[in-house]
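Taken together, the values in this text are just the output of simple stated rules run on the coordinates, not laboratory data. Quick caveat, the model's predicted, so the values are computed rather than measured. Because the Cβ atoms are built from the backbone with ideal geometry, glycine has one as well, and the counts that use them run over all protein chains shown.
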Amino acid sequence: MLEEIAELFQAPLGIWEAVVRVGVSLVAATVAYLLYQVFYGSRHIGAGVHRVFLVGGPAITMIFLVIQTSIPLGIGLLGALSFVRFRTPIKDPAEIGFLLLLIASSIGAATGNLMAIVILFAVVALALWLQRLIGDHSGTSGRGHLMISVDQPSFPALEEGLTSFLQQRLRDLSLETMSTIDGRVSMHYQYRRQSSFDWAGFTSELNKLAGEAKVEVFIS
């Protein structure tokens, strides 16, 4: 009986090696968090997925370490995680890239591919810097972001009036993404920023237009 219990705590991966890999994952998650804040957080509308990076990175690494050392336990753990449902939707497709960066670096830490993690972050940082540089020269840095969320039953009657209202109030308006999650329709727009724009009046008029519909507005 004691021998069987001892076998449960034995694993091909040493404890210090596991600590190092989880530690590397935490460092990588911290770098991903900083990249998000520098290149993305202050300029776009997001769901705040970066808040899970520091916990999610080491957790993902541990999952893959468990899968390597005990396949049945790993499969059971992944099955348990399948019951988790995230209520906060991804409000901007760019956030998916940061989540993939977190997952890739965590898997790299779990498999011991440390050089691959360094190369990954170097390439991503260069790509984000080039994207910002190109955006500044092309004038896209003057673009603002607007997220409007409407309850789904009210959206059909509100859609035409809402579109007309936004086109009248905002310059160079363009609809970037549209999604329906948990009974709400979310629309992500881009527009050209205007100096001294009356956002308080804009929000007040939008609420009057919406009437009894439940409308949420996020501005960046």
The Cα extents of the range 142-219 along the principal axes, largest first and rounded to whole Å, are 35, 24, 19
Extension gain (nm, one decimal) between Ile103 and Glu212, 0.36 nm per residue minus Cα-Cα | 35.1 nm
Listing Ile103, Ile134 by rising number of other beta-carbon atoms within 10 angstrom, fewest first, gives Ile134, Ile103
For an R0 of 22 angstrom, estimate the FRET efficiency from the Cβ-Cβ distance between Gln37 and Ser195 and round to the nearest 0.05.
-> 0.25
Given R₀ = 35 Å, FRET efficiency for Val19-Trp129 by Cβ-Cβ distance, to 0.05?
-> 0.60
